[in-house]
1. So for the range 194-280, taking the charge dipole from beta-carbon charges (+1 Lys/Arg, -1 Asp/Glu), which of Ala259, Gly244, Val218 sits furthest toward the positive end?
2. So which of Lys133/Lys205; Lys215/Lys276; Lys133/Lys197; Lys133/Lys276 end up more than 27 Å apart by C-alpha?
3. Suppose every K and R has +1 on its Cβ and every D and E has -1 on its Cβ; what is the size of the dipole of the range 171-284 about the Cα centre, in Debye to the nearest 20?
4. Residue by residue through the range 136-144, which ³J(HN,Hα) values in whole Hz follow from phi under the Karplus form 6.51 cos²θ - 1.76 cosθ + 1.60 (θ = phi - 60°), with glycine and proline marked x?
5. Provide the solvent-accessible area of Trp216, counting protein heavy atoms only and rolling a 1.4 Å probe, rounded to the nearest 10 Å².
6. Taking θ = phi - 60°, what integer Hz values does the Karplus form 6.51 cos²θ - 1.76 cosθ + 1.60 yield along the range 109-118, in sequence order, with x for Gly and Pro?
7. Pick out, in residue order, every one of the trypsin sites (Lys or Arg not before Pro) in the range 186-223 that is DSSP loop and has at most 12 other C-beta atoms within 10 Å; say none if there are none.
8. Show me, for the range 309-323, the HN-Hα J-couplings you get by feeding each phi into the Karplus relation (A = 6.51, B = -1.76, C = 1.60, θ = phi - 60°), rounded to Hz, glycine and proline as x.
Amino acid sequence: MNDTPLFGAWLASRKLVAAAGLFCALSGVLIFWLYGLPGEAIVYLLCLCCIGTSFWAVLSFVRFWRKHKILRKMEEAIFVTAEDLPETTTLIEEDYQHLIQRLVRENRQRQAAADSMLEDLTSYYTLWVHQIKTPIAAMDLLLQAGPDRATEMEIELQKIAQYVDMVLQYLRLDSTAKDLVLQRCQLDAVVRQTVRKYAKLFILKKIQLVFQETKWEVLSDEKWLCFLLEQLLSNALKYTPEGGKISIFLEGETNLVIADTGIGIAPEDLPRVFEKGFTGNNGRMDKKATGIGLYLCRRVTNLLGHTISIVSEPGVGTQVRLGLGRPQFDIE
């Protein structure tokens, strides 16, 4: 419509009405002529038709021009609000406006979701950058201290690798359902793989590990189950003081328990530990905490159809229970 003359566009939109008016006028003339009425009556009829048509055409064109100006102004403003649309005169125009209003609502919802996602990512990356700077600084100090601190350097390097893996999994969560592979996994093998990853940290902090074999096959995605156990074991090691103990065992038939003798979680914090960004009292003491780890654990367990729960007592320790029974999924 940008390249079409305004009058031509108006005429094209009213051509059916104009054709109908012309047909009525010609029909009237024909009837007058067939009945042998005087020529003055025919001329009078044509004049009335012309005057009425001209009056209608002027009003219709002005209304068309006003709507056109409003819509062009909205287009130039980029941001369209359904409330500013011109007044409707026909049912079809009203239908089009309903359609536009629905599209505007959906666009707002999508924009709000995109803005929220961008805000979440920006917030998380800000926390992540501050978090990863700590092991990098620690490695720099260890390098200056000399080559006899190799074990501690490996642990700091492992932390960096873990933080990088965490941010990658955070980005993959929303699209993981496409490549989720559920299969029978040897739970003991997955636990041992996770424990080996943190073996040096166990030794450095002199933390005792008590692992009771489960001899159980679970239906899960092995890659995501490993990530889940790594997060939980990392938390247990972080908050368990030197000389403490971490136990991994099967409770009942389907619950894998990771128990530690760490500092525990305050009762008022327990209901919120799975919220994104929540760090609680422990996070205020540990300035590097981001409140993302347990949030990811809840997301992953939901993704795999498993369950997760935590009981804890300050100064005594924390127990995390993973319900690894037959996965339950919501069918949409």
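The values are calculated or read from the model by the stated rules, or taken from the named source; none is laboratory data. Just so it is clear, the structure is predicted and the values come from calculations on it, not from any experiment. Here the Cβ is made from the backbone with ideal geometry for all residues, glycine too, and neighbour counts use every protein chain on show. Accessible surface areas use protein heavy atoms only, side chains included; no ligands, DNA or RNA. Shrake-Rupley method; radii C 1.70, N 1.55, O 1.52, S 1.80 Å.
1. Gly244
2. Violating the 27 Å Cα-Cα cut-off are Lys215/Lys276.
3. 520
4. 5, 5, 5, 5, 4, 5, 5, 5, 5
5. 50
6. Running phi through 6.51 cos²θ - 1.76 cosθ + 1.60 with θ = phi - 60° gives 5, 5, 5, 5, 5, 5, 5, 5, 5, 5 Hz.
7. Passing both the DSSP loop test and the Cβ count: Lys206, Lys215.
8. 8, 9, 10, 7, 9, x, x, 10, x, 9, 10, 10, 10, 9, x
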